[in-house]
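Peer 1: This is the structure I have questions about; it appears just below.
The values are calculated or read from the model by the stated rules, or taken from the named source; none is laboratory data. Since the structure is predicted, the reported quantities are computational estimates derived from the model, not experimental observations. Here the Cβ positions follow ideal geometry from the backbone for every residue, glycine too, while neighbour counts run over all protein chains shown.
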Amino acid sequence: MHESSPMFEEAAAGGGSGGNDVDGTKARLDVLKKSLAIAPEQEKDWQAYADAVTNLVSTRQALQSGVQESLPSYLERMEKLLESREKVLVSKKAVLQKYRLLYQSLSLTQQEVMSREGRF
């Protein structure tokens, strides 16, 4: 569960799920971008980060929908589970890499906002 913050409340008020799906995540990212007041020279790093976060959420959604599949054996279910977790891990690593690049380009004030509200 995410900490309560104006960003999450505003995204939730917009009808999104607060980030548990792609649309909710995009809404949260829009609010975060406004809170950060991303400058034109930061746009490239911001977009790379936003794309990585959206990809992570999309990957999670796709894997959750696949959980409903009925696999006949325990071995197949475990293999599918590990494969799914590996995909999520790869996506999380990409988010971390893009977060670092963006964070380095932010001012101290922006870094404080990102640390407080930039969790996905």
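Peer 1: Report every pair of residues separated by at least 6 positions or lying on different chains whose Cβ atoms are under 6 Å apart, first residue within region 86-112 and closer than 23 Å to residue 34 by Cα, second outside any loop (DSSP other than H, G, I, E, B) and of a type in the set (Asp, Glu).
Peer 2: 101/45; 102/45; 105/45
Peer 1: Condition first: touching a Ser or Thr at 6+ places or on another chain (Cβ under 8 Å) and of a type in the set (A, V, I, L, M, F, W, C). Now tell me which residues in region 41-66 satisfy that.
Peer 2: 52, 53, 56, 57, 63 - these are the residues of region 41-66 that are touching a Ser or Thr at 6+ places or on another chain (Cβ under 8 Å) and of a type in the set (A, V, I, L, M, F, W, C).
Peer 1: In region 23-38, which residues are under 16 Å from residue 113 (Cα atoms) and assigned to a helix (DSSP H, G or I)?
Peer 2: First pass over region 23-38, keeping only residues under 16 Å from residue 113 (Cα atoms): 28-38.
Result: 28, 29, 30, 31, 32, 33, 34, 35, 36.
Peer 1: Can you say whether residue 77 is part of a helix (DSSP H, G or I), closer than 24 Å to residue 115 by Cβ and at pLDDT below 95, as far as the supplied structure shows? Write out each step before concluding.
Peer 2: Working: part of a helix (DSSP H, G or I): yes; closer than 24 Å to residue 115 by Cβ: no; at pLDDT below 95: yes.
Against the criterion (part of a helix (DSSP H, G or I), closer than 24 Å to residue 115 by Cβ and at pLDDT below 95), residue 77 does not qualify.
Peer 1: Looking for something surrounded by 14 or more Cβ atoms within 10 Å (Cβ to Cβ), charged (D, E, K, R), modelled with pLDDT under 95 and assigned to a helix (DSSP H, G or I) - is there at least one such residue anywhere in region 39-62?
Peer 2: Kept after step one, since they are surrounded by 14 or more Cβ atoms within 10 Å (Cβ to Cβ), are these residues of region 39-62: 42, 45-61.
Remaining after also requiring charged (D, E, K, R): 45, 51, 60.
With modelled with pLDDT under 95 added as a condition, the list becomes 60.
Of the ones still in play, those that are also assigned to a helix (DSSP H, G or I) are 60.
For region 39-62, residues surrounded by 14 or more Cβ atoms within 10 Å (Cβ to Cβ), charged (D, E, K, R), modelled with pLDDT under 95 and assigned to a helix (DSSP H, G or I): present.
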